[in-house]
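What follows is a single structure, written as structure tokens, with notes after it.
The values are calculated or read from the model by the stated rules, or taken from the named source; none is laboratory data. Worth saying up front: this structure is predicted, and the values here are computed from it rather than measured. Here the Cβ positions follow ideal geometry from the backbone for every residue, glycine too, while neighbour counts run over all protein chains shown. Just the protein is used for accessible areas: all its heavy atoms, side chains included, with ligands, DNA and RNA removed. Shrake-Rupley method; radii C 1.70, N 1.55, O 1.52, S 1.80 Å.
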Amino acid sequence: GRRQRALLCGVLLAAWEAAWGQLRYSVPEEMPKGSFVGDLVKDLGLQLPEIRDRGIRVVSEGRTQYFALHGKTGHLVTAERIDREQLCRLVEKCVLRCELIVEGEMQVYRIEVEIMDINDNAPSFRQAEKDLRLSEMTAPGSRFPLAEAHDPDMGRNSLQSYDLSGDEHFSLAVQAGPGGDQRPELVLAKALDREEAAFHELVLRASDGGDPARTGTARIRVTVVDANDNAPVFSQAEYTVRVPEDVPVGSVLVTVTATDADEGLNGHVKYSFHKISDRASELFYLDSDTGEITVKENLDFEEIFSHELKVQARDGGELSDTAKVVITLTDVNDNVPEISVRSALNEISEDAPPGSLIALLHTQDRDSGANGEVRCSLDGDVPFRLEKSFEDYYRVVTAQKLDREQVSEYNVTVRAADSGSPPLQSSAVLALRVLDVNDNAPVFAQERYSAQLAENNAAGALVLTVRATDADWGQNARVRYRLSEGRVRGAPLSSYVSVQAETGALYALRSFDYEEVRELELWVRAEDGGAPALSSNVSVRLLIVDENDNAPQVLYPPLASGGGWSGAELAPRSSEPGALVAKVVAVDADAGQNAWLSYELAKATEPGLFRVGLHSGEVRTARFPLARDAARQSLVVVVKDHGRPALSATATLQVVLAESVAELLAELGSAAEAAAP
């Protein structure tokens, strides 16, 4: 309807101006080719045949012919699609001029055609997207110019207004330029916070006044530039960790973590120790980038069982936060029990009563709990026992009476073990020497001694040696020997024998005669050097061994006063062989073989008439006496012992062969008379 009204006005205007030799028309832009512009025939008062006959044509200025004359209707029509914005870019009123030439009349009519704007262009921005970087510290109310939109249309069809959408942080202000143009500005309505929103997406819309209105948009991306307005914040105000004390060097104990809502350098957190002891700084290392706390050296629960550290997280803008780190060590059984000998005896008397104190010990284990509980014991079967004194002290006392003679020295091993798993243990050795007490008497090597001594010995001859030992020590074990008092044949025993006090050697002080003393019974006493001294006795039996120093002694027949034998033996002439005639009796003061006598007939008046018993000394007839045998028979008998060499004696027997005593006496009388001169 609006377009029809515009055309109607244009036609009226053209008709009004035709009389003046100039025609004016108007036509909307963008009309299709051949669109009606004006009725030239009517406006010029011409007839259609005249147009054909007179040679009427339209000539436009320039190279492009925008208009033409329609031969059948006489209408002025468009020869091309006309774009007002292309033809009249900067001109508010766009007019195209052409001439109507009537060749037959040699007449020219000027025609002006105003190209009317239609809303065929939307507002547009040179940049469809705009990036804007604003610090999050930008003050609210700050303004930032925006690019203006452009709409080549005119009037109401041109740019009329702006509006902003997308975010409460921003608003739009439009300022009027000197030429009446609109200049949009972005206004910060609410403080920015990058940590809340790092980007803001806005849409700026430009609208024209057409019907319907056309719009153009530009996207605005506001990047909030970080400001260091956030300090690092640790994930925990306090970090607590429990680790065993034997954790390997290099192990990570705990990782502290702090976050910073800022970005870039402002959000890059570095860790450091804020407060730490000198010892802890030797033990722990904090990685400034990762926050890992690792072990630098071996930890020791017994040295320090808990470490309290303060760590700091600092960003690139010098804002920081601190947190506490508590590292608690748990005990590991890594300390062996220690035994300290506070006091100890090196020696003790063997007569010390049971319960005598020999050592005071102190035990200590630097571990804690069961790892530090110490139990003490003694190794082996020893006559000692442990008594708990107080707290960690033990007493080592004798459990029974000691006997130095059985064990003279003790190496008492005291063992301490803790209750860990596995348990650790240590030991200490107490060297104890048992001092001697004279509680042992000397003991002879034999219950009794006996010896043989050949008679006629040299004075001072060694008879035997007695030996006694004493289980004690030192002076208590030094043995001395002496003879017990006694008498032999009325004389003191000490005149016969003596004993060497130091060696126990028994010596004969005189030469013994077996025929006088055949044996001695004596006692030797061994006495130690203790105070009081202890002693013991032993019996010694000395046997005098006979030597062949005595010749046989003839007791019968007795030796006559004149040197021969007195008396005679009667042997009847009627004696049968084996009849006993006489018996030679002899003794030998010696003993044994030396006193074993044998008899031999060494000489006889009538050999073969008599014989002598070898061992009995009996003289018997060996045959019947004969008449020719002399009445008087003389027999020489040799008595010999069995000593080596043998000793001997002789006995002479006078045997008378007679039948009666009277005959015997008569024979003896004649013999006496013959011998008297």
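Listed values, structure above:
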quantity	calculated
Estimated inter-spin distance, Ser340 and Ala139, nm [label 7 Å along Cα→Cβ]	7.5
Theoretical FRET efficiency, 1/(1+(r/R0)^6), r = Cβ-Cβ of Val225 and Val326, R0 45 Å, to 0.05	0.70
Antiparallel %, DSSP beta bridges [both residues in segment 233-330], to 5	75
Amide hydrogen neighbours beyond the local backbone of Val95, cut-off 5 Å, H modeled	Ile115
Using θ = phi - 60° and Karplus 6.51 cos²θ - 1.76 cosθ + 1.60, couplings along segment 407-417 (whole Hz; Gly, Pro as x)	9, 8, 9, 10, 10, 8, 8, 9, 10, 10, 10
Estimated distance in nm for a label pair at Glu618 and Val233, the labels positioned 7 Å out from Cα along Cα-to-Cβ	15.2
Charge dipole (debye, nearest 20) of segment 553-674; +1 at Cβ of Lys and Arg, -1 at Cβ of Asp and Glu	280
With every protein chain in place, the chain: carbon and sulfur % of accessible area (1.4 Å)	49
Mean shadow area of segment 553-674, taken as a quarter of the surface of its Cα convex hull (nm²)	7.8
Filter on Lys33/Lys72; Lys583/Lys603; Lys275/Lys324; Lys270/Lys296 - keep pairs with C-alpha separation over 18 Å	Lys270/Lys296
Segment Ser484-Thr290, length gained on full extension (0.36 nm per residue, minus Cα span)	59.5 nm
Eligible aspartates and glutamates near Lys42 by straight Cα distance, threshold 17 Å, same-chain separation 8 or greater	Glu17, Glu50, Asp53, Glu99, Glu112
Per-pair calculated FRET efficiency, R0 = 22 Å: Val443 and Trp523 via Cβ, rounded to 0.05	0.90
Accessible area, probe 1.4 Å, largest first, for residues Phe610, Phe144, Phe36, Phe305	Phe305, Phe36, Phe144, Phe610
Cβ-defined net charge surrounding Val619, 10 Å radius [Lys, Arg +1; Asp, Glu -1]	+1
Sum of side-chain charges, Pro645 neighbourhood, beta-carbon under 13 Å (Lys, Arg +1; Asp, Glu -1)	-2
Under 29 Å from Lys190, Cα to Cα: lysines that are on another chain or at least 8 residues apart	Lys130
Euclidean distance between Cα centres, segment 224-259 to segment 295-322, Å	9
Spin-label pair Ala630/Arg366, simplified geometry with 7 Å Cα→Cβ offset, distance in nm	12.9
Solvent-accessible surface (1.4 angstrom probe) belonging to Lys275, in square angstrom, nearest 10	130
Using θ = phi - 60° and Karplus 6.51 cos²θ - 1.76 cosθ + 1.60, couplings along segment 461-466 (whole Hz; Gly, Pro as x)	5, 6, 8, 6, 10, 8
Computed [θ] at 222 nm, deg cm²/dmol, the chain (DSSP H ≥ 4; -39,500 (n - 2.57); rounded to nearest 500)	-2500 deg cm²/dmol
Cα long-axis angle, helix 661-675 against the chain (0 to 90 degrees, to the nearest 10)	80
Computed accessible area, His200, all protein chains, 1.4 angstrom probe, square angstrom	10
Distance-filtered residues of segment 540-557 - backbone nitrogen under 16 Å, label point 7 angstrom along Gln452 Cα→Cβ	541-549
Accessible surface ranking that places the most exposed of Asp278, Asp262, Asp381 first, with a 1.4 angstrom probe	Asp381, Asp278, Asp262
Calculated FRET value between Lys42 and Leu90, using beta carbons and R₀ = 51 Å, to 0.05	0.90
For segment 131-168 and segment 590-668, distance of Cα centres in Å	189
Matching label, volume of the Cα convex hull per residue in Å³ computed from the structure shown, candidates (1) 410; (2) 158; (3) 305	(1)
Relative counts (whole %) of C-alpha pair distances in segment 423-498, using bins that are 5 Å wide	3, 10, 13, 15, 13, 11, 8, 6, 5, 4, 3, 3, 2, 2, 1, 1, 0
Heavy-atom accessible area order for Trp596, Trp473, largest first, 1.4 Å probe	Trp473, Trp596
Length added when fully stretched, Lys401-Ser161, from 0.36 nm per residue minus Cα-Cα	74.0 nm
Lys, Arg +1 and Asp, Glu -1 on Cβ, resulting dipole of the chain about Cα centre, debye, nearest 20	1100
3J(HN,Hα) from dihedral phi, segment 248-254, Karplus parametrisation 6.51/-1.76/1.60, rounded to Hz, x for glycine, proline	x, 4, x, 6, 7, 8, 7
Considering only the chain, percent of DSSP beta bridges that pair antiparallel, nearest 5	80
